[in-house]
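Take a look at the structure set out below.
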Amino acid sequence: MEDELLLMLPGPVPLPERVRAVMARQAINHRGAEFGNAYADIVRVLKGLFGTKNNPLVISGSGTAGMEAAVANFGKGRKMAHLINGKFGERMYTIGQRYASEARPIESEWGTPLSLEGLKSALEDGCEVVTMVHNETSAGILNPAGEVGKICRKHDALFIMDGVTSIGGDLVKADDWGVDIAVVGSQKCLAAPAGLAAVSVSDRAWDRVVKNPPYYLDLPAYKKNAVREPMETPYTPAVPLFLALREACLIIEEEGIDARIARHHRMAGAVRKAVKAWGLEMFPQIDSLHTYSNTVTAACIPTGSNDKDFRGIVKKLGIQIAGGQDHLKDKIFRIGHMGAVSAPELLATLAATEYAIRTTGHQVRESGVMAAAEDLG
Ligand code: PLP
């Protein structure tokens, strides 16, 4: 059954029992202390995960709503530059095309390093707002947010960072890195249900917020409501999702942010060891600034195999991993290791993947499960 599959995707991820349980309760008023306290708990934990002193605003909408809120409130009518090395970088550019006076793509092949030289010339050419995807989920590459932030500050540009699949799973220091607007999605590293986005905004960005923001995604209105006692949102929020996100945040707080990031790094390291043992190629091409993602691993599908057969075998064993998106379909597979993922879940995933690799005819160099197990004990 579909709902019994172990989701080892780069979102959505399996939900801890406690998170599922709170969604089953009776409705509550969203203008009252109980809701306000839940929102306050979420903000307290997210601040630590974003690495910011600013209170993230929570929007009822998926990660893309957060991306659109960022662009519409800070890039509308302005000249924007979009760093692209995967699907979500492209999406930011597409959103920019709807709002910016000029949207300039700075393109690299998916999974290859961003062009920081291209960024510098766009900024010298008057671009005022920059977008970058921190963890490019489509390609499994982690982009250098700190470097991009430094360049943006030098040119006094606003820096919008999509942290949809990094925040909560990898180190993010929005304030130290010069990130003005950061976005996370609930169904990724936070291990909450899909449907909420959170957006943090720096003081210098608030000073430059556009005069005519969209109605539903009006971030100044979210800010005004979030400073009320009890905290509120401008319109009726997805209350059950807020309660679930609060529970997910409390679980994160119990684990500890440093421990959580260390766990994600350990899981990612184990998957990379498995890929190497199998004799498969990692997909991203990294350099001294760009590294492999610590929340999703993208590797090349064994030659001679195709996505449907390959992932079909894994699925038959009860585990769902992701394929490549768009032109990467049939070329790569992706294993998500974000959220509450445990060593036994990861080992089962690697065992099923190894089985698929072997049964589709690839001669593995050595067992990836054995290689990974050494790091997971
Ligand atoms: N940004 C990144 C890096 C993502 O991985 C995703 C979803 O996979 C999104 C944005 C879009 O988020 P959503 O699907 O929640 O709208």
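A short reminder: the numbers here are calculations on the coordinates, not readings from a lab. Owing to the predicted nature of the structure, the values given are computational and were not obtained by experimental measurement. Using ideal geometry, Cβ is built from the backbone for each residue, glycine included, and neighbour counts are taken over all protein chains shown.
A few notes on this one:
- Take the Cα of Met23, step 7 Å toward its Cβ, do the same at Lys224, and the gap between the two points is 3.2 nm.
- Pair-distance distribution P(r) for region 1-96, from all Cα-Cα distances in 10 Å bins starting at 0: 11, 28, 35, 21, 4 percent.
- Length added when fully stretched, Arg44-Thr359, from 0.36 nm per residue minus Cα-Cα: 108.6 nm
- Charge dipole (the chain, unit charges on Cβ, about Cα centre) - positive-most of Ile106, His134, Val199: Val199
- Span-like helix criteria (full DSSP H runs; alpha carbon extent of at least 20 Å along the helix axis; mean Kyte-Doolittle hydropathy of at least 0.0) are satisfied in the chain by 33-50, 239-255, 343-359.
- Cα convex hull of region 17-254, projected area averaged across orientations, nm²: 11.7
- Exposed loop sites were defined as chymotrypsin sites (Phe, Trp or Tyr not before Pro) in DSSP loop states (anything but H, G, I, E or B) carrying at most 16 other C-beta atoms within 10 Å; in the chain the longest segment without such a site runs 1-214.
- The length gained on full extension between Arg31 and Arg204, counted as 0.36 nm times the residue separation minus their Cα-Cα distance, comes to 59.3 nm.
- Here the chain is scanned for trypsin sites (Lys or Arg not before Pro) in DSSP loops (not H, G, I, E, B) that have at most 13 other Cβ atoms within 10 Å, and the longest stretch holding none of them is 54-210.
- Note on the chain: with charges restricted to the Cβ of Lys and Arg (+1) and Asp and Glu (-1), its dipole about the Cα centre is near 380 debye.
- A Förster radius of 41 Å, combined with the Cβ-Cβ distance separating Lys315 from Ile257, puts the computed FRET efficiency at roughly 0.80.
- In this structure, the pairs whose alpha-carbon distance is over 32 Å, taken from Lys53/Lys76; Lys79/Lys223; Lys150/Lys211; Lys47/Lys276, are Lys47/Lys276.
- In terms of overall dimensions, region 22-158 has a Cα radius of gyration and Dmax of 17.4, 55 angstrom.
- Dividing the convex hull volume of the alpha-carbon atoms in region 50-119 by its residue count gives 116 Å³ per residue.
- Relative contact order of the chain, taken over Cα pairs closer than 8 Å and 6 or more residues apart, is 23 percent.
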